[in-house]
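Presented below is the structure to which this report refers.
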Amino acid sequence: MTKLLAFAGSTRSGSYNQAILDVAVEGAREAGAEVTQINLSDYAMPIFNQDEEAQYGLPERAQAFKHLLMEHDGFLIASPEYNSSYPALLKNAIDWASRQSGDEKPLAAYRGKVAGIMSASAGALGGMRVLTVLRMLLENIGVMVLPTQKAVARVNTLLDDAGKLDDDATVRQLKALGEETARLASKLKAG
Ligand SMILES: Cc1cc2nc3c(=O)[nH]c(=O)nc-3n(C[C@H](O)[C@H](O)[C@H](O)COP(=O)(O)O)c2cc1C
């Protein structure tokens, strides 16, 4: 079965990006993928430091995150836009997991994988600028990022009282992104 790992670049309680990720995950599951959804707060890692890496290797949680990436065929990533780019939380996790250890191939956690990316913001652009730089980052480490992406603008107006996304058109689009990611990952796995 095709396996996708889903995570958001925010650990904020009530995170908008977690809310949109939930919907894409539903879409991927409906398309038959097995989805592991994690919260990066469970993988808290220090800011990458190459001297510490040389001395101690990967911290336990960075290693655990990297293993999860390696075990999955593709990713669903929802990221906030911080000052037009990705949050340090997300970049730091991606950086740690990009490090080679033992007899692994370079970028073993990323190469040949597929990703569906999305963002959410209360602003009018929905954080769409982060998607440009996140796409570039992921593609440069060997991840095939789906041409389809979704930036959810004014997301704060689209949630119900429980913080769940409650807008039919947006739900449809995010589910479709999840489905498309699952299908492409599955085709690549088969081929
Ligand atoms: C340091 C910082 C920079 C931000 N920069 C932007 C930005 O460039 N564009 C934007 O739409 N929102 C920006 N925001 C607002 C975020 O979109 C908002 O905090 C959002 O709730 C973060 O996503 P989350 O709800 O998933 O945590 C910024 C927030 C912070 C903390």
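Of note:
- In straight-distance terms, cross-link reach from Lys113 covers every one of the lysines whose alpha-carbon lies under 23 Å from its own, apart from those fewer than eight places away in the same chain; here that gives Lys3, Lys66, Lys91, Lys105, Lys150, Lys175, Lys187, Lys189.
- Residues Phe75, Phe48, ordered by accessible area of protein heavy atoms at a 1.4 angstrom probe radius and largest first, appear as Phe48, Phe75.
- Taken over region 1-103, the convex hull of the Cα atoms encloses 103 Å³ per residue.
- Given the chain, longest segment not containing exposed loop trypsin sites (Lys or Arg not before Pro) (DSSP; at most 15 other Cβ within 10 Å): 13-110
- Surface per residue (accessible, 1.4 Å probe) for the chain, Å²: 49 Å²
- Heavy-atom accessible surface of Thr132, to the nearest 10 Å², is about 90 Å², with a 1.4 Å probe and all protein chains retained.
- Using R0 = 30 Å, the C-beta based FRET efficiency linking Thr36 and Ala190 works out to 0.90.
- Accessible area in the full protein assembly, largest first, 1.4 Å probe, for His72, His67: His67, His72
- Within the chain, percent of DSSP bridges classed antiparallel, to nearest 5: 10 percent
- Computed E for Asn140/Asp161 - FRET, C-beta separation, R0 41 angstrom, nearest 0.05: 0.50
- Inter-label distance for Tyr56 and Ser84, nm, one decimal - labels placed 7 Å from Cα along Cα-to-Cβ: 3.5 nm
- Dipole check for region 3-190: with +1 at the C-beta of Lys and Arg, -1 at the C-beta of Asp and Glu, and the Cα centre as origin, the magnitude is about 480 Debye.
- Surface share of carbon and sulfur [accessible, 1.4 angstrom probe, percent] for region 1-119: 45 percent
- Across every direction, the projection of the convex hull enclosing the Cα atoms of the chain has a mean area of 10.6 nm².
- Within a Gaussian network of the chain (alpha carbon springs, distance under 10 Å), most fluctuating of Met128, Met136, Met45: Met136
The values are calculated or read from the model by the stated rules, or taken from the named source; none is laboratory data. Here the structure is a predicted model, which is why all the values come from computation and not from measurement. A quick note on method: Cβ atoms are made from the backbone with ideal geometry, for glycine too, and the neighbour counts reach across all protein chains shown. The accessibility values were calculated without ligands, DNA or RNA, using every heavy atom of the protein model including side chains. Shrake-Rupley method; radii C 1.70, N 1.55, O 1.52, S 1.80 Å.
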